[in-house]
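The values are calculated or read from the model by the stated rules, or taken from the named source; none is laboratory data. Keep in mind that what you see is a predicted model, and the values were worked out from it rather than measured. Glycine gets a Cβ as well: all are built from the backbone with ideal geometry, and neighbour counts include every protein chain shown. The area values use the complete protein model at the heavy-atom level, side chains included, leaving out ligands, DNA and RNA. Shrake-Rupley method; radii C 1.70, N 1.55, O 1.52, S 1.80 Å.
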Amino acid sequence: MQQPTISIPKNIIGELPAAEFKGRIQVIDNAADARAAVRYLSRQPIVGFDSETRPSFRRGNTHNVALVQLSTHDICFLFRINKIGFVEPLRNFLQLDSVVKIGLSIKDDFHGLHKLGEFEPGGFVELQDYVREFGIADASLQRIYAILFGERISKGQRLTNWEAAELTAAQQHYAALDAWSCIRIYEYLKGGCFDPASSPYIVEPDEESAEG
């Protein structure tokens, strides 16, 4: 039986309550802390993954990846790449097949990281591909999360300066939420908690034709 097509209208997202990461956040800005964090993460079965880059508002001017976020269910590590570099322990971890890493639009993250050092990603799951198995047509983290949990991931910090001397509390929580939410989405779907046929955001075929 074919899955229904599911997509949430943009105007509904703005009316939803804000999502929140309630775990612990640890900023990693030196090599010793990076090694300790990787030792901990290497013992986990699954982590959420994301990265942030300082935005550029001038044509032709780009920046390198400034932050890599790796989150378990209850702690998120923020690796400040602009301060410590793409250190070997982190590169090695991203190549581990033994730890499942969940991310969204990960090719973009890999492209940015490859500018800093060669590595062969291992153990990654692309959420944009995975959610399609459940009829979810939307590709953004904000929309997917809203469909499943009825909460809004705020994007207010996305275009802030990720190379700032100190990350604000708002930046830290934004970055942690993006990585952690990837785990929550994946495990919710994998655990059979979502019934596509019961979603309030099913798009009828005539609606799809009208939008197309």
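Here are some notes:
- For the pair His63 and Ser140 in one chain, pulling the backbone fully straight at 0.36 nm per residue adds 25.5 nm over the alpha carbon distance.
- Among 104-111, 180-187, the order from most to least packed when residues are scored by Cβ within 10 Å on average: 180-187, 104-111
- Among the trypsin sites (Lys or Arg not before Pro) in segment 54-90, those located in a DSSP loop and surrounded by at most 11 other Cβ atoms within 10 Å of their own Cβ are Arg58, Arg59.
- Under-5 Å amide H pairs with Ala66, H placed in peptide plane, nonlocal only: Glu52, Thr53, Arg54
- Cα centroid separation - segment 98-124 against segment 1-64, whole Å: 13 Å
- HN-Hα J in Hz across segment 63-77 - Karplus 6.51, -1.76, 1.60, θ = phi - 60°, x for Gly and Pro: 10, 7, 4, 9, 9, 10, 9, 10, 10, 8, 5, 10, 8, 10, 9
- Dividing the alpha-carbon radius of gyration of segment 90-212 by the rule-of-thumb value 2.2 N^0.38 Å gives 1.22.
- If both residues of a DSSP beta bridge must be in the chain, then about 50% of such bridges are antiparallel.
- Reach of Lys22 by Cα under 27 Å, taken over lysines that are not fewer than 8 positions away in the same chain: Lys10, Lys83, Lys101, Lys155, Lys190
- Mean Cβ count within 10 Å, highest first, over the residues of peptides 33-40, 189-196: 33-40, 189-196
- Amide H contacts under 5 Å for Ile28: Leu78, Phe79, Arg80, restricted to partners 5 or more places along the chain or on a different chain, H placed in the peptide plane at 1.01 Å from N.
- Based on Cα contacts under 8 Å between residues 6+ apart, the chain shows a relative contact order of 32 percent.
- With protein chains left intact and a 1.4 Å probe, residues in segment 1-99 average 54 Å² of accessible area per residue.
- Applying the criteria of a DSSP loop state and at most 12 other Cβ atoms within 10 Å to the GluC sites (Glu not before Pro) of segment 106-177 yields Glu118, Glu166.
- Karplus (6.51, -1.76, 1.60) ³J(HN,Hα), θ = phi - 60°, over segment 171-176, in Hz, Gly and Pro reported as x: 4, 4, 5, 4, 5, 5
- Heavy-atom surface analysis with a 1.4 Å probe gives the chain a carbon and sulfur content of 47 percent of its accessible area.
- Inter-label distance, nm, simple model (7 Å from Cα along the C-beta direction), Ser154/Glu20: 1.1 nm
- Only Lys, Arg (+1) and Asp, Glu (-1) charged, at Cβ; the chain dipole about Cα centre in debye: 880 debye
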